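Report on one structure; see the data block that follows.
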Amino acid sequence: MDKVLRGSLLYRLWLALGVCWQGCWFHRTGSKLRAAWRDSATARLLGRCLGGPAGACASAAVTRLLARINALLWRLGQRVVPALRGSLLYRLYGAVFRWGRNSRIFGWLFRGGLTSFLLAAVGLYCLLDFALRDVLAVPVVSSVWDECLMLLAVLWLLYDRMRAPRPMAPRVNPLDTAVFLFMGVGLGLMLVVSPFFSIAVSGYRATVQYMVWFFLISRLLRDEKDLMLLYGFLVLTAFLISLHGIYQYIVAVPIPSNWTDQAEADVRTRVYSIFGSPNIMGDFMVLFAPMAAGLAYWCRSRKAQIAWWLVTFSMCFACLFTMSRGAWMAMAVVILIFALLVDRRLIALMLVALVCALFLPFVASRIGYLLTPEFAASTNNGGRGSRWDIALSYLAMNPVFGFGLGMFGGAVAMQHQIYKWISYFYVDNYYLKILVEMGWVGFACFVLLLLVLLYTGLRTVYRTSKTYRRKDRDGQRSLYPLCVGMFAGLCGVLVHCYFENIFEEPYMMAYFWTIASMLVYAGFLRPDARPARD
């Protein structure tokens, strides 16, 4: 296999790009800048900030409170757990898992207990949602299954703490406080600015409910095996959806006429897979393509590396075929971040791919349309420009506390449309939606949350980078490329949120905060996660 690969045109092209990159002005200049940066006082200060102790942002009071709660649950478990283990439900659970552990196909999953099944269900979230909502379409199940999954995860975590041989140590991380703050401020705004309380409750639920997965996943993960299990299911799900998207492009699936303009005659279709929206489909690929690339750098086997690169390219092509300009921009940011942190040769490959893509008629049509007077007229007459201007006019009514959760700019407002004098539409900018509904108070907390998330992600990347390309004590590779893939994917989603209401889709918010929790776990909560040292 290696001989065939080394003799291929693609491999020789890759080597030629590497030689050109080594000799170009950009590489030489970058090497000098990196050397100067490593010796600078700023780099040393940043290293101390990023490589500081895990609990640097965790309140001691919160840690003590969580420790007391765990101790209380443990004492309660001394009485409750023996009774539960004698119940019919527990005996049935034990019998099923004892039988499953002997399975040749799924034994590896059953041996992980209910935790592994919960993580697998989260990894397959959008596929399960599609099957229950659109395929089976049983209203009683499809409307509550995700809440039931979340409740099951909560109950399992409580039981896990009650059955522990001793009170469990609290899992604190630098991001907990920021998430709690945003959820608490949102709750306060729901109570203060609620002309229609039921709508405010629905708006609050749509904004914060799926952030709960951050707390659940960061507590469900027990070790690196759990992390890799969830990581694998996430990438597998995205790969299957990318194949479906490529199939849609090949067969030229019909699309509504309003998805393209008359000036874009070369666009024959836009893929959307199971999502019903090419923008969401593109963002889904943006989130998971760098994670697949991270696996290509993490694996030792050459065959596995080739396989993961094929998975990565499949996701990139699926993103390309969505014709979503916002997703294309986000993907470019993702590739740039990943290349700068893992392999700078990818920058040259990205530039070559960009030049080649511009020769594709549908890409040239979509990009060229941005420079036409027709696009300017469209964006100012019912497009994003006019929508954002209208949204800002509604913000002026209550700039401090906002127009009210669920009242404008998103799915909840579109479902109710209470006021007759308001022009209801999706504002196509999630940050602007938060600003209009929650005012500058809520928006400031949301921005703070995202800044803490990015800072925590950078700390994780820095802490895991110290063991990259060399073996740890247990012989395992560093999680650095995987963490960079997760961090780059999160950054790409945040870029795309400027052009779309990405978090209006429950599975996108669930996946986003799940990956954020995985990133926090890898950098701060793993048993062997230690502060990086220079």
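Descriptive notes on the structure:
- Helices (runs of 4 or more DSSP H) enclosed by the range 22-110 - at least 3 residues per element that are surrounded by 10 or more Cβ atoms within 10 Å (Cβ to Cβ) and at pLDDT 85 or above: 60-85, 88-101, 107-110
- Residue within the range 115-129 that is open to solvent by 70 Å² or more (accessible area, probe 1.4 Å), out of contact with any strand residue (DSSP E or B) (no Cβ under 7 Å at 6 or more places or on another chain) and either charged (D, E, K, R) or not in a helix (DSSP H, G or I) (or both) present: no
- Residue within the range 315-325 that is out of contact with any Ser or Thr (no Cβ under 7 Å at 6 or more places or on another chain), among the aromatic types (Phe, Trp, Tyr) and over 16 Å from ALA488 (Cβ atoms) present: yes
- Near pairs, Cβ below 8 angstrom, 6+ apart or cross-chain, from the range 432-460 (under 17 Å from THR514 (Cα atoms) and without any contact (Cβ under 8 Å) to a residue 40 or more places away in the chain) to any residue that is outside any helix (DSSP H, G or I) and open to solvent by 20 Å² or more (accessible area, probe 1.4 Å): none
- Within the range 340-377, tally of residues that are in contact with a helix residue (DSSP H, G or I) (Cβ under 6 Å, 6 or more places away or on another chain) and hydroxyl-bearing (Ser, Thr, Tyr): 1
- The sole residue among PHE401, PHE408, PHE375 that is at pLDDT below 90, among the aromatic types (Phe, Trp, Tyr) and open to solvent by 30 Å² or more (accessible area, probe 1.4 Å) is PHE375.
- Test: GLN248 is closer than 30 Å to ARG477 by Cα and not acidic (Asp, Glu): no
- Of all residue pairs spaced 6 or more apart or on separate chains, those with beta-carbon atoms under 7 Å, a first member in the range 239-256 that is within 21 Å of ALA296 (Cα to Cα) and a second member that is modelled with pLDDT under 95 and of a type in the set (S, T, N, Q) are ILE241/SER273.
- Condition check for TYR272: in contact with a Pro (Cβ under 7 Å, 6 or more places away or on another chain), at pLDDT below 95 and within 22 Å of ARG477 (Cα to Cα): no
- Tabulated pairs, the range 171-189, first more than 21 Å from ARG64 (Cβ to Cβ), second in a loop (DSSP other than H, G, I, E, B) and open to solvent by 40 Å² or more (accessible area, probe 1.4 Å), C-beta under 8 angstrom, 6+ apart or interchain: LEU189/PHE401
- Pick from the range 313-359, criterion in a loop (DSSP other than H, G, I, E, B) and open to solvent by 60 Å² or more (accessible area, probe 1.4 Å), ranking: nearest to HIS244 (Cα to Cα): PHE359
- Evaluation of ALA137 against (1) surrounded by fewer than 18 Cβ atoms within 10 Å (Cβ to Cβ); (2) within 23 Å of the chain's Cα centre (by Cα) (one fails), failing number: (2)
- Residue in the range 388-398 that is in a loop (DSSP other than H, G, I, E, B) and in contact with a Phe, Trp or Tyr (Cβ under 8 Å, 6 or more places away or on another chain) present: yes
- Residues that are open to solvent by less than 10 Å² (accessible area, probe 1.4 Å), assigned to a helix (DSSP H, G or I) and β-branched (Val, Ile, Thr), drawn from the range 427-460: ILE434, VAL436, THR456, THR460
- Taken over the range 275-291, the criterion of being open to solvent by less than 10 Å² (accessible area, probe 1.4 Å), farther than 18 Å from LEU128 by Cβ and either of a type in the set (Val, Ile, Thr) or in contact (Cβ under 8 Å) with a residue 60 or more places away in the chain (or both) is satisfied by GLY282, ASP283, VAL286, ALA289, PRO290, MET291.
The values are calculated or read from the model by the stated rules, or taken from the named source; none is laboratory data. Please read all numbers here as calculations on a predicted model, not as lab measurements. FYI the Cβ positions are ideal-geometry reconstructions off the backbone, even for glycines, and counts take in every protein chain you see. The area values use the complete protein model at the heavy-atom level, side chains included, leaving out ligands, DNA and RNA. Shrake-Rupley method; radii C 1.70, N 1.55, O 1.52, S 1.80 Å.
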